[in-house]
Structure formats: structure tokens, C-alpha cells
Amino acid sequence: MSTHKHYTGLIERYRDRLPVSADTRIISLNEGNTPLIQLQNIPRLLGKDVTIYVKFEGLNPTGSFKDRGMTMAVTKAVEEGSRAIICASTGNTSAAAAAYAARAGIKAFVLIPEGKIAQGKLAQTLMYDATIIQINGNFDQGMALVKEVAEQAPVTIVNSINPYRIDGQKTAAFEIVDDLGFAPNYHCLPVGNAGNITAYWKGYKEYATDRVCNNRPVMCGYQAAGAAPFVAGKMIDNPETIATAIRIGHPQSWESAWAAQKESGGWFDKFTDDQILAAQKMLSQYEGIFCEPASATSLAGAMQDIVSGTIPEGSTIVCTLTGNGLKDPGSAIKQCAAAHPVTIDASLDAVKRAILDSL
Ligand code: AN7
């Protein structure tokens, strides 16, 4: 028998912990199995003795953590005989839904806020050939419409109100514990619709209950200042942030996110767009890891709470980097506009001078 083991996605890896049977047709793009990368330079810059890992979910097949939930949601939709899926999205869910629908050979409809999703996400969704419905409204309005239309049309909702999404996404917590041999002391992540914090907490609890590990992390949920309903303690009607992925004011997983915070002894906090972009740049510049703005909210929060001592020295911290920086080239180029590249003559002399000038 061959000793090679070809990784074929998170449903196969964790099938004992997921709602599939031996004859379920699995719709997968080999998602999951993402790297847990230890930061080497940022802890030193902070001057604190902490161990920080990032779970780089931007390396999933469509470039975000949504693939974990979508492999499960589309697998179950197909198993139940559905011919079409639908979602509202700030961009990443639409890309994942479109890709997994293409893989399954079914139709995807996506409602997106016009002009408010990053370019890479739009490009993907177009290429995977979803039907894009742009609305003059935000994610929350799109979500409300999706819930209404799904009652009157033969479409399966694949937003994280679909419980299979949460089941798929909980596997990220399994992978972290399987990699480390224990759960981190703190788990930091960006919070938008709050499906992911719900999913991680479910995964960590499941592993602790089954004694795969004997600890559970404190859950730290970080939001953009202009879209921080969990910090406000109430829903927000006009969310605004440059981190368009988390431009959400009415999170669907409201109760379960509060449960994660309370049961884990964690907290919510909010960060300005400038703080989020600064964290995104630091991660790129000092660690070589390029995530999208929303994802950097996790590191912005971790850094603040490490520096203040809220997260004490000696801690092991995992930050989820939910999406790839290549999703949103526009905000990156804009942020680095001051350092825009110079153009010179195509001559050896000119290139040499350019190098010597900046050494
Ligand atoms: C990069 O794609 O809601 O708190 O429609 O794309 O589970 O919603 C995206 C959310 C964080 C927030 N980081 O996660 C969508 C969508 C990135 C994201 C979040 C999203 P949740």
C-alpha cells in the first residue's frame, strides 16, 4: 500500500466530527490545513515575552477562511438536492460560494453592496461565474433580503446562519490544537457577522470536552471602530470602515458570539481604520505576511492588549488572519502611495545609482 497521503480537504480529515456519511458526495477544493506561523519580529518590537502565532487563512483555495464553511454548506446543499445557493456578502463569502457552486455544478446567487467590495473578491466571483446582484445598500440589508427571498425561491442560504458553515469553520480550532498539542491561552480574531468566533469557540469546546486538549482559550473579538456593534452593545445601522469585509452592523450570530465571550472570559474591542492598516503594514513589513485589512484587526487587538498587559507575558496567542492581502490590492497601493516606485532609465548606471541611493 502507498504511504503517500494526499490531503483532500477538511471534511475528509475531520469526517468523524462533521455531519457527513460514508456516501456523502464531498464538494471540496482541498481547503484547510493552513499554516500556523510563529511571528519572529513583532514580539521583539513590542518588547514583550509572548508567543504569537498567526493562522493564515488567506492560503485557502479562494483566499479566505470562508472556504472551510463553504465546503460543508455546499456538500450538504447538494446532498439535500439543492440546485442553487444564495448569500449576501461583503466579498469573501461570495467568492467562496461561487467557487464551491462551480465545483458542485450548481448555481450561485450573491448579493453584494455596490462599490463596497474589494477588487480581488469581485474578480473571483465573476470568474467562478456566479450571478452577481449588486444592491444599493449594505451587507445587513442584503442579508435581510436573502432571508426573505429564500422563503419564496428554491435556493439554499450559505451565509453563516446555515449551521453547516459553523461546523466547517470549527475545524480551524482543531487544526491549531493538533499543531500545537494544546489550545492557545488567547485566541484573537476579527468579528463581523460573528460566525467565525462562534465556530472557533465550538471547535475549542468540542476538543476540550473530548479531552483532545485540557484547556480552552480566552476569546478576543476585535471590530472596526465604525462597525463595532459588540462594543456598543447594540446593532449599528450605518457601519463604515476601510476594512470592507467587516463592514457589518447587524451580526447574525449575535447570541453565540456573546456566549463565546462570556464562557471564555474574553472581551470585544474596536480599532480605527488607521490602527488596522498599521497592523496590516507591520505584518507585511516585519514578518512577510500579507493579509487583507479586516484580518489585521486581530493583530491590532493582540498588540494593544499585549502592550497594556491585558494579555500577560508568557502567553501563547493565536491570531486568525482571515483573508489574503491580494484580495484588496487597492487599499494596499493607496496605503503605500507615499513610497511609490520611482521610474528610471533602463540603463545599468541608473539602476546602480538607484540601489546605492537607497542603501
Ligand atoms: C476577511 O464575506 O461576512 O465574524 O460576507 O471576510 O465570521 O463574519 C466576511 C467576513 C473577517 C468576519 N475577516 O468574519 C462576507 C463576510 C474577513 C472576512 C470577517 C469576514 P465573521
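The values are calculated or read from the model by the stated rules, or taken from the named source; none is laboratory data. Computed from a predicted structure; not experimentally measured. Backbone-built Cβ (ideal geometry, glycine too); neighbour counts: all protein chains shown. Just so you know, the surface numbers come from the protein's heavy atoms only, side chains and all, with ligands and any DNA or RNA stripped out. Shrake-Rupley method; radii C 1.70, N 1.55, O 1.52, S 1.80 Å.
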Restricted to the stretch 260-286 and to residues being surrounded by fewer than 18 Cβ atoms within 10 Å (Cβ to Cβ) and in contact (Cβ under 8 Å) with a residue 60 or more places away in the chain, the residue nearest to Gly115 (Cα to Cα) is Tyr286
- Evaluate the stretch 220-228: report whether one residue or more is touching an Asp or Glu at 6+ places or on another chain (Cβ under 7 Å) and without any contact (Cβ under 8 Å) to a residue 40 or more places away in the chain. yes
*Do we have any residue at all in the stretch 312-334 that's of a type in the set (Val, Ile, Thr), open to solvent by 70 Å² or more (accessible area, probe 1.4 Å), farther than 19 Å from Asn60 by Cα and assigned to a loop (DSSP other than H, G, I, E, B)?*
no
Open item on the list: Scan the stretch 223-238 and tell me whether some residue there is within 14 Å of the ligand (Cβ to nearest atom), within 20 Å of Gln169 (Cα to Cα), out of contact with any strand residue (DSSP E or B) (no Cβ under 8 Å at 6 or more places or on another chain) and of a type in the set (A, V, I, L, M, F, W, C).
Closed with: no
The residue from Thr343, Thr310, Thr320 that alone is away from the ligand (no atom under 13 Å from the Cβ) and either within 23 Å of Leu180 (Cβ to Cβ) or in contact with a helix residue (DSSP H, G or I) (Cβ under 8 Å, 6 or more places away or on another chain) (or both) is Thr310
Checked the stretch 109-146 for anything more than 14 Å from the ligand (Cβ to nearest atom) and over 28 Å from Gly58 (Cβ atoms); matches are Asn136
Given (1) within 22 Å of Pro251 (Cβ to Cβ); (2) surrounded by fewer than 22 Cβ atoms within 10 Å (Cβ to Cβ), Gln152 misses just (1)
Within the stretch 87-108, residues on the phi < 0 side of the Ramachandran plot, open to solvent by 10 Å² or more (accessible area, probe 1.4 Å) and more than 11 Å from the ligand (Cβ to nearest atom) come out as Ala102, Arg103, Ala104, Ile106, Lys107
Exactly one of Tyr14, Tyr7 is modelled with pLDDT of 95 or more, out of contact with any Phe, Trp or Tyr (no Cβ under 7 Å at 6 or more places or on another chain) and hydroxyl-bearing (Ser, Thr, Tyr), and that residue is Tyr7
When every residue in the stretch 132-150 that is in a loop (DSSP other than H, G, I, E, B) and free of Cβ contacts under 8 Å to residues at least 40 places away in the same chain is compared, the one nearest to the chain's Cα centre (by Cα) is Gly137
Restricting the stretch 155-185 to residues that are of a type in the set (S, T, N, Q) and within 21 Å of Ile11 (Cα to Cα), the one surrounded by the most Cβ atoms within 10 Å (Cβ to Cβ) turns out to be Gln169
